[in-house]
Amino acid sequence: MPRSSALAALSAAALPLLAALAPATQAAPAPAAPMAVPVPPPPALNARAYIVVDYNTGKVLAAKNANEKMPMASLTKLMTAYIVFSALKSGQLTLQTPVTVSTAAWRTGGSRMFINPGSQVSVLNLLKGMIVESGNDATVALAQKVGGTQAGFVTLMNDYAKRLGLNSTHYEDVDGLPKPDHYTTARDLATLASDIIRDFPQYYFIFKIKKFTWDHITQRNRVSLLWTDPSVDGMKTGYTDAAGYCMVTSADRHGMRLVTVVLGAPSWDGRVDDSEALLNYGYNFYENENVAAARAIVAKPRVYESAAGHAAVGPAQPIVLTVARGPDATLSTRIVWNHWPLVAPLAAGTPVGTLIVTNGAGQQVDTTPIVTLAPVPAGGLFTRVADDIRLWFAS
C-alpha cells in the first residue's frame with residue numbers, strides 16, 4: 001500500500017479514539033450563584049386576552065388566552081398597513097402617490113379622517129389618517145388603490161396572513177367593522193406587529209405621530225401611552241361592542257423592545273392600564289443578554305492538516321436571549337463539537353459544533369450551531385504527513 005494511503009487509513013482508524021480526547025467543552029465553569037429571586041406571576045388583568053413578547057428574541061413573557069380567536073376591531077388596520085407598506089417597498093406606490101377618494105370610501109361609517117369624495121389625497125396622508133386617526137374612510141381608499149376593490153384587498157389580506165404564519169387569523173373587511181368570520185388572536189397580532197417593525201422600519205414613524213390635522217380637523221392618536229410613557233412609540237387601538245377595547249403597543253427601553261397586545265378590555269382606561277402593566281412587568285423582571293454577535297469568534301480549535309493550524313468558529317447569527325433578572329441572568333457557554341478532530345479542508349460555513357448557553361441556576365437556555373467563519377484550506381504535503389503522524393500517535 002502506498003505511504004499516503006496507509007497514513008490516511010491509519011488516520012481514519014484513529015478518529016473514533018481521538019473523539020474521546022476532544023475538548024468537548026470550551027468555557028470556564030460558571031461561578032456558584034446565589035439563590036435566585038423567582039419571577040412573580042403576571043399581573044391579574046381584566047382583559048379577555050393578552051400577551052407580551054420580547055421583539056428581539058420572540059420570547060413570550062406573559063400571556064392569557066393568547067390563542068383564543070376573537071374580534072379585532074380596528075387592529076385590522078395593522079394588516080392593511082402591512083400590505084400598503086409592502087406596495088411602497090416594492091415601488092408599486094410612493095408616499096406621494098395621489099389617491100382619488102371614492103364615494104364608497106367617503107360613505108364608510110365609524111371613525112373617519114373626513115376626506116371628501118373625488119378629492120385626491122397622498123398615500124402618506126391616507127396612512128396618517130388610517131393609523132393616527134383610525135379613519136375607516138382612509139383605510140378603504142388605500143385598499144381600493146392597492147387591491148382594486150375592497151374584496152380584492154381582503155383576498156390579499158388573507159394571503160398575507162398565511163404567508164406570515166398568522167394561522168388563527170381571518171379577514172372579511174379592511175377596517176375592522178364587525179363581521180361574523182373576522183377574527184384573530186393576541187399571539188397572531190403580536191407576530192404581525194413585530195413583522196411591521198422588522199420589515200418596514202422606514203415607515204414605522206407614522207405610528208409615533210401623536211396627532212394629525214386634515215381639512216382643519218385635528219385628531220389625537222388613540223394610543224394614549226404615547227403621551228404618558230416616553231418608551232412607547234406605537235402602535236394601534238380598536239373598539240367595537242363585540243371586540244371590547246383593544247390595543248397593540250410597542251415600547252423600547254434601553255434597546256429592549258417589547259410588544260403587548262390587549263384584547264377585550266372592559267374600558268378605554270382598562271386597555272391603557274393593562275398595556276402599561278404588561279410593559280412594566282416585562283421590563284422589571286426580564287432583560288436581554290447579548291451572548292455573541294453574528295460571526296463573532298467564540299473559539300479557535302485546532303484543525304489538523306491545515307495551513308493555519310487553527311480555525312475561527314462562531315455563530316452565523318447573533319445570539320440574544322431574554323432572561324429573568326437576577327442571579328439567573330449570569331450566563332455561561334460551552335461548546336460541544338460535532339466530531340473530533342477537525343481535519344482540513346473545511347469550507348466557510350461548515351457546522352462544527354454547538355454553543356450551549358446555561359444560566360446561573362445551571363439550566364440550559366439556548367443551543368446555537370457554530371460554523372467556520374472562513375475557509376480552512378489544507379496545508380502542504382509536509383504539514384499533512386506530519387499531522388497524519390500526530391493523529392496516529394495521539395490515538
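Please arrange His182, His339, His170 by counting, for each residue, the other beta carbons lying within 10 Å of its beta carbon, fewest first. Working shown, then result.
On the way: His182 20, His339 13, His170 16.
Lowest to highest Cβ neighbour count: His339, His170, His182.
Between Thr213 and Gln317, what is 0.36 nm times their sequence separation minus the Cα-Cα distance? Round to one decimal in nm.
Roughly 33.1 nm would be gained on extension.
Neighbouring Cβ atoms within 10 Å as the yardstick, rank Ile356, Ile131 fewest first.
Ile356, Ile131
Listed here are the pairs Lys162/Lys210; Lys69/Lys145; Lys69/Lys211; Lys69/Lys89; Lys59/Lys162; which of them are more than 25 Å apart at the Cα?
Lys162/Lys210; Lys69/Lys145; Lys69/Lys211; Lys69/Lys89
Arg390 to Gln120: extension gain in nm, 0.36 nm per residue of separation minus the Cα-Cα distance? The partial results should precede the final answer.
On the way: separation 270, 0.36 × 270 = 97.20 nm, distance 7.87 nm.
Net length gain for the segment: 89.3 nm.
Search the structure for amide H atoms under 5 Å from the amide H of Gly234, placed 1.01 Å from N in the peptide plane, and list their residues when 5 or more places away or on another chain.
Amide H neighbours of Gly234, under 5 Å, 5+ apart: Ser250.
Over region 49-265, calculate the relative contact order: mean separation of alpha carbon pairs under 8 Å at least 6 apart, over the residue count, as a percent.
26 percent
Fewest Cβ neighbours within 10 Å first, please rank Arg253, Arg271 accordingly.
So the residues, fewest neighbours to most, are Arg253, Arg271.
Given charges of +1 on the Cβ of Lys and Arg and -1 on the Cβ of Asp and Glu, with all other atoms neutral, how large is the dipole of the chain about its Cα centre, in debye to the nearest 20?
540 debye
Computed from the coordinates by the stated procedures, all read-outs in this text should not be read as laboratory data. Everything quoted here is computed from the prediction, not taken from an experiment. As a convention, Cβ positions derive from the backbone with ideal geometry for all residues, glycine included, and neighbour counts pool all protein chains shown.
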